[in-house]
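Before any comments, here is the structure.
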Amino acid sequence: MNTDDYKNELKLLSLNKASKLMMISVTTLKKLIKEGRIGVITINKQMKIPYLELKRFIQENLTNINYNLDNCNVEDKQCTNSQIINTNELFNELIQGV
């Protein structure tokens, strides 16, 4: 495990950052927390989501994406079925920007 992986595993995300990373609203994220689907840590009355918890939730709720997004016309909702996107790599790339 390299240093960046270790740092990511220790990372705690605010609800705002986690919701942006997941591309959902904070309200939706709070609903998932209330339902017990995503665990949080409370520090000084502020909820934080551990990186590994967010990663666990995403991995448990993944559906295979069989589309090459480069060949996808979002407006017409037409995509060619040419490759599988590695969601693990995509998630790790997204978390690096947080």
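Since every read-out is calculated from the coordinates, none of them should be taken as a lab result. The model shown is predicted, which means the values in this text are computed figures rather than measured ones. Reconstructed Cβ throughout: ideal geometry from the backbone, glycine too, with neighbour counts over all protein chains shown.
Some points to look at:
- Leu13 long-range amide H proximity, modeled H, under 5 Å: Ile49, Tyr51
- In order through segment 21-38: 3J(HN,Hα) via Karplus (6.51 cos²θ - 1.76 cosθ + 1.60), integer Hz, x for Gly, Pro: 4, 7, 6, 10, 6, 4, 4, 5, 4, 4, 5, 5, 5, 4, 6, x, 7, 10
- Ser14, Ser25, Ser19 arranged by Cβ crowding within 10 Å, fewest neighbours leading: Ser25, Ser14, Ser19
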